């Protein structure tokens, strides 16, 4: 009998993903825990051909510990915790889950927009605290007729844009890596200069990756260019918005509010000043995690591992496609 493939997968991965690999007689799937000691993780990597990652960092030390590794798959679409150039040097592909969680993240971004505009938490409190008479003190606003600026027009940003168009919103798109014609074809308006676009937007929703270009993309200067009535939503990655600058902007009326699924440090420190503000709503990095998306991501992650080992990778899911150039 031929030797089995050994795959490492997060213990938190949904059963649907485990079922995919367990159906294969030539695969041994081994669970590992997020935050386990590095030495223990490296020991598991020693004879692994594939590994699926949640938020576990993966770089040169892990590659050194894994001489038989052939594929790394992210249980999601972001990969800022993975050293992609190191994987490429070792000729190992990094796989992501494509559209598996795109509907969920887009819905969460839209939920933040609704919750902020409609003052969901504040109006609920008025009823619970018997302050009905205060209901006209600060009125909610419509999304209809407003302008949203979508930062990043990939799988998630383009889906959010479509939903916003259906609500009667105007959609501006800033993405220097997507052609203006493609954005226009989606009934949106491309903007080449982010700073010029900011004062036009009533809502801004971030859907770009976190990298050297986007860290502190929204700093104090950019935040001051926004409307004082505008809302900022981030379901992408912490660090794209400078949190100190955001706190200042929210505290001094420079912008109206923010919806944050992600933070620079996760979980955020208990004394993070953003958590004291009533014009901020938050979630614990859950935009891409729903009952349905958790299953979709698990299945896609498991299938990505198997597809590479079988020599038939889904190229739409490959981050560093150059590793296949000479195969």
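The values are calculated or read from the model by the stated rules, or taken from the named source; none is laboratory data. None of the values given here were measured: they were computed from a predicted structure. Cβ placement follows ideal geometry from the backbone for every residue including glycine, while neighbour counts extend to all protein chains displayed.
Find the residue count for region 194-204, including only residues that are surrounded by fewer than 19 Cβ atoms within 10 Å (Cβ to Cβ) and either within 21 Å of the chain's Cα centre (by Cα) or under 17 Å from residue 274 (Cβ atoms) (or both). Matching residues across region 194-204 total 1.
Only one entry of 141, 171, 148, 191 meets the criterion of being under 17 Å from residue 257 (Cα atoms), crowded, with 19+ Cβ neighbours inside 10 Å and either assigned by TED's automatic domain parsing to the domain that holds residue 261 or in contact with a strand residue (DSSP E or B) (Cβ under 9 Å, 6 or more places away or on another chain) (or both), and that entry is 148. Before we move on, is residue 74 in contact with a helix residue (DSSP H, G or I) (Cβ under 8 Å, 6 or more places away or on another chain) and crowded, with 23+ Cβ neighbours inside 10 Å? So residue 74 passes the test. Residue count for region 126-138, restricted to those that are surrounded by 10 or more Cβ atoms within 10 Å (Cβ to Cβ) and either out of contact with any helix residue (DSSP H, G or I) (no Cβ under 9 Å at 6 or more places or on another chain) or in a helix (DSSP H, G or I) (or both): 3. Tell me which residues, restricted to region 239-264, are surrounded by fewer than 19 Cβ atoms within 10 Å (Cβ to Cβ) and either at pLDDT below 95 or over 22 Å from the mean Cα position of the chain (by Cα) (or both). Listed by number, the residues that qualify are 248, 251, 252, 253, 254. Cβ-Cβ contacts under 8 Å between residues 6 or more apart (or on different chains), taken from a first residue in region 301-316 that is in the same structural domain as residue 21 (by TED's automatic domain parsing) to a second residue that is surrounded by fewer than 19 Cβ atoms within 10 Å (Cβ to Cβ) and in a loop (DSSP other than H, G, I, E, B), are listed as 303/314; 304/314; 306/24; 307/314; 308/70; 309/70; 314/98; 316/98.
Residues that are farther than 27 Å from residue 82 by Cβ and under 22 Å from the mean Cα position of the chain (by Cα) within region 205-229 comprise 222, 223, listed in sequence order. Checking the stated criteria, residue 209 turns out not to satisfy the condition of being touching a strand residue (DSSP E or B) at 6+ places or on another chain (Cβ under 9 Å), surrounded by fewer than 20 Cβ atoms within 10 Å (Cβ to Cβ), over 20 Å from residue 118 (Cβ atoms) and touching a residue at least 12 places away in the same chain (Cβ under 8 Å). Listed by first and then second residue, the pairs linking a residue in region 163-188 that is touching a residue at least 40 places away in the same chain (Cβ under 8 Å) to a residue that is surrounded by 15 or more Cβ atoms within 10 Å (Cβ to Cβ), with Cβ atoms under 6 Å apart and 6 or more places separating them unless they lie on different chains, are 163/110; 164/148; 164/171.
Could you please let me know if residue 282 is surrounded by 15 or more Cβ atoms within 10 Å (Cβ to Cβ), within 16 Å of the chain's Cα centre (by Cα) and free of Cβ contacts under 8 Å to residues at least 60 places away in the same chain? When the stated conditions are applied, residue 282 passes them.
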